[in-house]
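Before any comments, here is the structure.
Derivation of every value follows stated rules applied to the coordinates shown; laboratory data play no part. Please read these numbers as outputs of a predicted model, since none were measured by experiment. Methodologically, a virtual Cβ is constructed for each residue, glycine included, from the backbone with ideal geometry; neighbour enumeration extends over all protein chains shown.
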Amino acid sequence: MKPYFSYALSFLIAFALSAMATPLVRKVAVRLGYVARPREDRWHTRPTALMGGVAIFASFVLAAAVTLVIFPKGSSLSHYLPLYLCSLLVFLLGLVDDVRQMSPQAKLVGQIIAAALLVFFGFKINWFTSYTMNTFISVFWIVGITNAFNLLDNMDGLAAGIAFISSLTLGVIGLLSLGEGTGDGQLMIIVLFMGALLGFLLYNFQPASIFMGDSGSLFIGFLLAGITTNHGPSHSSHFLPVIMVPGLILFIPILDTGFVSMMRTLFGRSIAQGGKDHSSHRLVAIGLPERKAVLTLYAFSLMGGTVALVGALFRASYFFTCLVIFLLVSLFFWIYLARVRVYPEEDRPLIERSKTLTTIWIDFTFKRRIFEVLLDVWLVSFGYWLSYLLRFEGAAYGENFPMFLKTLPIVLACLMVSYFAFGVYRGVWRYTSIADLITYLKAVTSGVVLSILVILFAYRFQSYSRTVFVMYWGISLFFLASSRLSFRLIAESLRRGSVPNGRRVLIYGAGDKGEFALREILNNQTLGMTPVGFIDDDTRKKKRKIQGYKVLGGREDLEAVVSKYKIKEIIVASRSIRPENLQAANSVCDQMGVILRSLELSIK
């Protein structure tokens, strides 16, 4: 019980010190003029105090000193003196940049020196048998993560919150691994760091009254990078969890840095220049409030941390399953974000500016749907492997693995032939409908049945489990349908949390035409409308929902609905409305200053 008490007390000390130090630092920063002014390439719109990193660093160091005094024998914090000293160097580097604006080259050289010193003192990744390779990768990792957090500090509460979630994951892994010889000094550092971050986050979450500055972002990135160099599933004999667990813990800063670098390169922009094109900015561009954009990235960080926990504490097969699903969800989500327009209209991607690349891109991807086919090859193979894993859990899986390998080519060929035969690759993902889902059902069913027939003919189906193919049918159908519905699901989920910044519109008519009007409003942002719900003269439809939007009442409720939901416009989307009801609605609109329009569908 004593170690857990010492961790809890240390966390509270660091949290209290940070919560008290941050407003003091803010007051001093404003008085000395260390304030971030709004700029065109920066997100904030009002002057905000800098130097929050001073509060984080000071509270972390002071809490560590207090912990050493209170628990002189219960902690090995002193063993991590090189990490403290190198982190101090990086903190001072960031502080000088906050005060005097260092050049990017000078900052990079300073980071490399600090990283090299830390690696020299033993904080090193040991992924390879080559000492030289491990040293090079370690320096690259530390410098890369340090700069990733520096780039991630682009919205209120984002960098500090992601750092806290990453530290929380490291702390949980450390606590659960105490019996395996994990050093309590490293765990104590994580606990102190979490307390310092959370105390600062009280003042940094949107709307932020203080920014951490480079002194904070470089420090938290460097410290987390140093801790993760020797923090992994030491019990695992598989290489994948060893290299992936640190990456998953720091998933968001790594992904956002890579994503922004790729998109800027694609559009011919400098990677080093600032901009409003990060993942968080794209979420706001879609219509999410700033807080929900940050919370969305928090959620992905938590999911990555959960997968890292599985990799650090459980069997490699469980980790591989969770990893693939998580990476697929992330892939579809960030492809959707990549489609969000954040650059000026005149900025065209490199592919569009080069005729040769345009031709190759169109022929290779759109006409031949090559990426879609490759995705299905992966999903079919993974789904078949997952079916065996779920059916033959434990030792029995190893015994049946040769049967999986023997029949994988057959299953893969049969499913892909069925997909082509039923026209799976003729659809457009964005407009996937019930008819498409029926096609997927037919394609998967035919493919699985064909697989069984071929295996029956080739191997007489001896020793093969029927349950595997039943499970495989369900998994394949789920993968095929969910991948095609991914863009619609992402758009719908983000749209539900978006800011209602358009004209608030009420649709009169909860039928087919009303549903069409809703889809047009949601998909056509140029209309500048935000749907609120429906009204309908059929009282049986009241409180029912169409695509998540409620039928708020009938014509007699119109005045109350307009007043309550601040409606600016009503769209009449039904031919069955009685003339007297339509006239009454028109009178209400005239009295309340609401525009009444009629949806007209015509083919000329």
Self-check item: Relative contact order (%) - the chain, alpha-carbon pairs under 8 angstrom, separation at least six
Solution: 11 percent
Self-check item: Inverse of mean 1/r across different Cα pairs in region 62-200, Kirkwood, Å
Solution: 16.6 Å
Quiz item: Once the Cβ-Cβ distance between residue 467 and residue 369 is put in as r, and R0 is 35 Å, what FRET efficiency do you end up with, to the nearest 0.05?
Solution: 0.60
Quiz item: Based on DSSP, what percent of beta bridges with both residues in region 462-571 are antiparallel, to the nearest 5?
Solution: 15 percent
Quiz prompt | Average projected area [Cα convex hull, region 436-575], square nanometres | solution = 11.7 nm²
Practice problem: Please give the calculated 222 nm ellipticity per residue for the chain, where each DSSP H segment of at least 4 residues contributes -39500 (n - 2.57) and the sum is spread over every residue; nearest 500 deg cm²/dmol? | Solution: -22500 deg cm²/dmol
Quiz item: Roughly speaking, what is the stretch gain from residue 584 to residue 70, that is 0.36 nm per residue apart minus the C-alpha to C-alpha distance, in nm to one decimal?
Solution: 177.3 nm
Quiz prompt | Long pairs among 541/566; 276/568; 442/513; 292/545; 513/542; 292/566, criterion Cα-Cα beyond 20 Å | solution = 541/566; 276/568; 442/513; 292/545; 292/566
Quiz item: What are the radius of gyration and Dmax of region 2-239, computed over its Cα atoms and given in Å?
Solution: 17.6, 56
Self-check item: Kirkwood Rh, Cα atoms: Rg over Rh of region 503-598
Solution: 0.92
Quiz item: Which shape class applies to the chain: rounded if a/c is under 1.5, otherwise prolate when a/b exceeds b/c and oblate if not, where a ≥ b ≥ c are the square roots of the Cα gyration tensor eigenvalues?
Solution: oblate
